[in-house]
Amino acid sequence: MGFFSKLFGKKNKDTGGEQIINICSPVDGEVVATTEVKDETFSQDMIGKGFAVRPTSGEFGSPIDGELTLVAETGHAFSVKHSSGVEILVHIGIDTVNMNANRESGKALQGFTLHAKAGDKISVGAPVITADLEAIKKAGYDTITPVIIVNNEFSTNKNFTDILKGQVTKGTKIVELK
C-alpha cells in the first residue's frame, strides 16, 4: 500500500472500520470558519458544511484524491469526488463568476487559468486552477475560498473532527471526515 493510500481513504481499525477521508487545504493561506464568508450560501451552510481559506497564493489544487466532476468554464470553481462518494466544492472567491460571466467562448479567461478538466483523476494538491488574486481584488471581489462538502449525508456535525484553523500550505490536512 502506497504512502497516500495509507493517508487518504484507509479504513482505520481504531474507528471501528469507518472510512476516514482527510480533506486538505486546496491553497496556501489562512483557514477560517465558513461563518466568516460574506455570502449566506456559504456562511449559513446552505450547500453543505466545510471551511474557508483566505488565499495567499493563487495556485489551487485538489483537496482530496478523486475525480474532477466540475471545472467551471468561468474558472471560479471546481469540485472533486472521492471514491467513497464524498464530493468537495472549491469556490475561488465570492461572486468571481462575474469576472467571466459574459465571456465569449474561445476568449481567454480573466483572472483564471485552468490546468485540468472534468473527468480527470486527481490527487491531493494536484493543480486545478491558477487564480490571479490581485486581478480578482482589483475587480472588487473577495478572494476568500469556501471548501464545502456538498453531499448532505456526509456533511453532518458527527462526521467532522476538529477543523484546523490558521496559516496552512496547500495539501495540509484541515479536517477528517468519517
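The values are calculated or read from the model by the stated rules, or taken from the named source; none is laboratory data. Remember, it's a predicted structure, so these values are computed and weren't measured experimentally. All Cβ positions, glycine included, derive from the backbone under ideal geometry; neighbour counts span all protein chains shown. Areas reflect the complete protein model, heavy atoms only, side chains present, ligands, DNA and RNA absent. Shrake-Rupley method; radii C 1.70, N 1.55, O 1.52, S 1.80 Å.
Computed quantities for the displayed model
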quantity: Some residue of segment 143-163 being open to solvent by 20 Å² or more (accessible area, probe 1.4 Å), at pLDDT 95 or above, under 21 Å from Val32 (Cα atoms) and not in a loop (DSSP other than H, G, I, E, B); calculated: no
quantity: Among the candidates Gly119, Gly93, residue that is assigned to a loop (DSSP other than H, G, I, E, B) and open to solvent by less than 30 Å² (accessible area, probe 1.4 Å); calculated: Gly93
quantity: Lone unmet requirement of (1) surrounded by 15 or more Cβ atoms within 10 Å (Cβ to Cβ); (2) touching a strand residue (DSSP E or B) at 6+ places or on another chain (Cβ under 9 Å); (3) of a type in the set (A, V, I, L, M, F, W, C) for Ala33; calculated: (1)
quantity: Matching residues in segment 1-37 - criterion: being modelled with pLDDT of 95 or more and part of a loop (DSSP other than H, G, I, E, B); calculated: Ser25, Pro26, Val27, Asp28, Val37
quantity: Candidate set: segment 41-73, residues that are modelled with pLDDT of 95 or more and acidic (Asp, Glu); chosen: the one surrounded by the most Cβ atoms within 10 Å (Cβ to Cβ); calculated: Asp65
quantity: Filtered residue count, segment 52-77, keeping only those that are more than 12 Å from the chain's Cα centre (by Cα), without any contact (Cβ under 8 Å) to a residue 40 or more places away in the chain and part of a strand (DSSP E or B); calculated: 0
quantity: Those residues of segment 122-142 which are touching a strand residue (DSSP E or B) at 6+ places or on another chain (Cβ under 7 Å), among the hydrophobic types (A, V, I, L, M, F, W, C) and not in a helix (DSSP H, G or I), in sequence order; calculated: Ile122, Val124, Ala126, Val128, Ile129, Ala131
